[in-house]
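One structure is given here, and the rest of the page talks about it.
Bear in mind that the values in this text are calculations on the coordinates, not laboratory data. Values in this document were obtained by computation on a predicted structure and should not be read as measured data. Reconstructed Cβ throughout: ideal geometry from the backbone, glycine too, with neighbour counts over all protein chains shown.
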Amino acid sequence: MANPLKCDLCSKPATVHLTQIVNNKVHKVDLCEACAQAKGVTDPSGFSLADLLLKASLNPDPSVAGVRCEQCGFSQNDFKKHGRFGCPACYQAFKGLVEPMLDNMHKGTTHTGKIPSRALERKSLYDRLTKLELDLTEAIKAERYEDAARARDEISQVKQTVAPSPKQLSR
């Protein structure tokens, strides 16, 4: 029979096993029942993911250790204790801590929005159509009939692009 894993804190047999991936490296924390309860891991209301993320072995950027938010005075220990920041300025103050965590949790640190690409394409076609119709109106008022004809032809091309094909209508 294999040797049971031991608690990382007190060397008793571990019954709680936590795994986290940071910078493509797997970090495992094995705790006995007593240490898990002391850290609040077994109590869902007292569990602080920030506490685990801020452990020295798991923190990818040690330069953030003594940083305080200039606006609210929040420290890294306060974040560790509460699991959230004190004010919006904390995100900038603790950027070195937050960015690696977000980068590992998501596909990057830049929010690209939730608008589907099809909706963006339709919006750009609608905007183009609106601009062409405005150009057509202005060209007719200014009696620039060649420009008006060009705008009319482009409008019909855009409308054909937007209009559903006969195949799509039959579905």
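The table below lists the values:
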{"quantity": "Where labels lie 7 Å past Cα in the beta-carbon direction, separation of residue 111 and residue 70 in nm", "calculated": "2.4 nm"}
{"quantity": "HN-Hα J in Hz across segment 129-139 - Karplus 6.51, -1.76, 1.60, θ = phi - 60°, x for Gly and Pro", "calculated": "4, 4, 5, 5, 5, 5, 4, 4, 4, 5, 5"}
{"quantity": "Theoretical gain in end-to-end length, residue 11 to residue 27 [0.36 nm per residue, Cα-Cα removed]", "calculated": "4.0 nm"}
{"quantity": "Sorted peptide list for 4-13, 70-79, criterion being average Cβ within 10 angstrom, highest first", "calculated": "70-79, 4-13"}
{"quantity": "Derived scalar couplings ³J(HN,Hα) [segment 4-18; Karplus, 6.51 cos²θ - 1.76 cosθ + 1.60; whole Hz; x for Gly, Pro]", "calculated": "x, 5, 9, 4, 5, 9, 10, 6, 6, x, 7, 10, 10, 10, 10"}
{"quantity": "Label-point separation in nm, residue 161 to residue 124, each point 7 Å along Cα→Cβ", "calculated": "0.8 nm"}
{"quantity": "Distance (nanometres) between label positions extended 7 Å along Cα→Cβ at residue 147 and residue 91", "calculated": "4.4 nm"}
{"quantity": "Distant-in-sequence amide H partners of residue 8 (H built 1.01 Å from N, under 5 Å)", "calculated": "30, 31, 32"}
